[in-house]
Amino acid sequence: MTVFEEEAGLGLEFPEEPVALRDSLREALLGGREWSDDLPDELSFELWLWERWQRVLEPLGLDADRFRAELVDNRRELWLWLMGERQWGQVIEAQAGRILRRLPAA
């Protein structure tokens with residue numbers, strides 16, 4: 001397991017690429033589904049990633065709604081990953097950096 005480290009000593013797991021989720025989400029979006037709150041949980045990248053990072057982020061004051069909002073604001077990067085224009089490492093590192101920079105002030 002690889003971990004992201006920040007100056008404050010915080011670490012987030014570098015999860016394996018969710019290939020099945022990526023493929024299903026891409027198929028749904030290209031098939032006309034809207035990337036909105038009505039996607040089922042099994043197609044939610046935000047929920048998938050929250051399940052992996054919640055144990056680190058929640059004690060630091062970041063809740064699921066704020067986490068989701070940050071990822072929604074950065075969906076362009078996720079779209080590029082879905083379309084094969086970004087590597088998994090680039091996307092997950094960008095998401096981790098974005099989230100860690102936006103943690104509530106202690």
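Details
- Working from Cα pairs under 8 Å separated by at least six residues, relative contact order for the chain is 26 percent.
- Which labelled figure in [x] 0.95; [y] 1.19; [z] 1.06 is Cα Rg over 2.2 N^0.38 Å, once derived from the coordinates: [z]
- Net length gained if the chain between A94 and E27 were fully extended (0.36 nm per residue, minus Cα distance): 21.8 nm
Read-outs: derived from the displayed coordinates by stated rules, not from any lab. Just so it is clear, the model here is predicted, and its values are computed rather than measured.
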